[in-house]
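K.L.:
Mind having a look at this structure? Questions to follow.
The values are calculated or read from the model by the stated rules, or taken from the named source; none is laboratory data. The structure presented is a predicted model; accordingly, all values stated were derived computationally and were not measured. Cβ: placed from backbone, ideal geometry, glycine included. Neighbour counts: every protein chain shown.
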Amino acid sequence: MNFSIVVPGGCNAMCKFCFWEEQQTSKNYISELFTTLSNMPVGCALSITGGEPTISKYIELILQAIKFHKDKFEKVILTTNGTKLIECLDMMDGIVDHINISRHHYDSEIRKNIFGVDIISDSDLIHAIEICNQLGIDITFNAVLCDEIKTKNDIWSFIKYAKDMNASAITFRQDYNRNLGNSESEIEQLFSEYKSIYSYDCPVCRTRSQIINGMKVTWKSSTFEPSNDLKDIYEFILQPNGKLTIDWAGESEISLNKGEIINLNKSAESLLEHIDYRTLFSSSNDNMKSSNLFNTSSYGGCGGVSRYSGCGGTSRYSGCGGTSRYSGCGG
């Protein structure tokens, strides 16, 4: 199971493929975050996403709240475009296990056009990655397969760039706007001669990993809203407005401490019609952990991930290795 925190505070990037929309922030956001963390079942992967988390005024308080509950989470993943990553690294020490950095292109000018703004420079990012490595945090570069990355040479160039930058891995993710669902991309097919070291398919996502030129490369795709297609709860998302939902649209709110579903969209109603959820959403972590509602083993590799997880314990825009729905975007 994956739990994603969508950090309040907006995003400084303007990626054309991103569908993130800023929400009003709850006046009691930190209190609601702390309560949610306290009631979250043991063993989730926790993803910190946005917006752009490193520019949020809440980031330090969020990290401290996570630190207080760190032992109950399998791992903690941050997705960022790196804007103020260096300034935030000290507060991440001992809390964040993995960072996904949205990079989107190997050429700095093209990358600037994609993001719509100047983000962290290559020289500053190399410095940040070295600090991360010293702290035991590994780095994955995330890139959405947009119009600017469409040839085999583009992939070769991106791999060389990531290696030169000391990234540990790369994830290429299909653009949601192309409506390709969880199918294989044409550019991935160009590398079919490389043996897959990991593969997974479920009703809502597809993941393939290969070693290409000495770099672990993961290809990911997924449906837009997994909660519409599954019969189990796939993930929890804490929205900036303080509501905990089981969908990224924020329409299906759930209360873990009150033991009830507050509001359901039609897809969530059908999801739960075969389950007595009132006995499952208690404050007991044991009940929640053992419940069939939270058992995603039927989806194999999904087994505790989230919308962009690509499986393995991450989240919607994870790009494998663990992030969140908006990881592929500016944050």
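K.L.:
Can you name every residue in region 120-148 that is touching a strand residue (DSSP E or B) at 6+ places or on another chain (Cβ under 9 Å), under 19 Å from Lys220 (Cβ atoms) and surrounded by fewer than 20 Cβ atoms within 10 Å (Cβ to Cβ)?
P.N.:
Asp138
K.L.:
So which residues in region 100-135 are farther than 28 Å from Thr151 by Cβ and touching a residue at least 24 places away in the same chain (Cβ under 8 Å)?
P.N.:
Scanning region 100-135 gives Asp124, His127, Ala128, Glu130, Ile131, Cys132, Asn133, Leu135.
K.L.:
Could you grab me the full set of residues in region 6-60 that are in contact (Cβ under 8 Å) with a residue 40 or more places away in the chain, among the aromatic types (Phe, Trp, Tyr) and under 18 Å from Leu256 (Cα atoms)?
P.N.:
Listed by number, the list holds a single entry, Tyr29.
K.L.:
If I ask for residues that are of a type outside the set (Asp, Glu), part of a loop (DSSP other than H, G, I, E, B) and over 13 Å from Leu244 (Cβ atoms), which ones from region 29-57 would you list? So that I can check it myself, show each step before the final result.
P.N.:
Step one: filter region 29-57 for residues of a type outside the set (Asp, Glu), giving 29-31, 33-51, 53-57.
Filter once more, keeping what is part of a loop (DSSP other than H, G, I, E, B): 40-43, 50-51, 56-57.
Val42, Gly43, Gly50, Gly51, Ser56, Lys57, listed by residue number.
K.L.:
State which residue pairs qualify: first residue of a type in the set (Phe, Trp, Tyr) and inside region 70-87, second residue modelled with pLDDT under 95 and in a strand (DSSP E or B) in any location, beta carbons under 9 Å apart, and separation of 6 or more residues or different chains.
P.N.:
Close Cβ pairs satisfying both conditions: Phe73/Phe3; Phe73/Cys44; Phe73/Ala45.
K.L.:
For region 76-97: of the residues being under 26 Å from Asp154 (Cβ atoms) and surrounded by fewer than 24 Cβ atoms within 10 Å (Cβ to Cβ), which is nearest to the chain's Cα centre (by Cα)?
P.N.:
Filtering first and then ranking leaves Gly82.
K.L.:
Mind counting the residues in region 200-244 that are part of a loop (DSSP other than H, G, I, E, B), charged (D, E, K, R) and modelled with pLDDT of 90 or more?
P.N.:
1
K.L.:
In this structure, is Leu125 at pLDDT 95 or above, part of a strand (DSSP E or B) and of a type outside the set (Val, Ile, Thr)? Let's see the steps before the verdict.
P.N.:
Details: at pLDDT 95 or above: yes; part of a strand (DSSP E or B): no; of a type outside the set (Val, Ile, Thr): yes.
Considered against the rule, which asks whether it is at pLDDT 95 or above, part of a strand (DSSP E or B) and of a type outside the set (Val, Ile, Thr), Leu125 comes out as no.
K.L.:
Same structure again: So Val42 fits all but one of (1) modelled with pLDDT under 95; (2) on the phi > 0 side of the Ramachandran plot; what number is the exception?
P.N.:
(2) is the only condition that Val42 fails.
K.L.:
Check off (1) out of contact with any helix residue (DSSP H, G or I) (no Cβ under 7 Å at 6 or more places or on another chain); (2) surrounded by fewer than 22 Cβ atoms within 10 Å (Cβ to Cβ); (3) modelled with pLDDT under 95 for Arg173 and give me the number that stays unchecked.
P.N.:
(2)
K.L.:
May I pose another question? Any chance you could count how many residues in region 61-113 are within 14 Å of Cys132 (Cα to Cα), of a type in the set (D, E, K, R) and assigned to a loop (DSSP other than H, G, I, E, B)?
P.N.:
3
K.L.:
From Phe68, Phe73, which residue is farther than 21 Å from Met215 by Cα and surrounded by 18 or more Cβ atoms within 10 Å (Cβ to Cβ)?
P.N.:
None of the others qualify; the one that does is Phe73.
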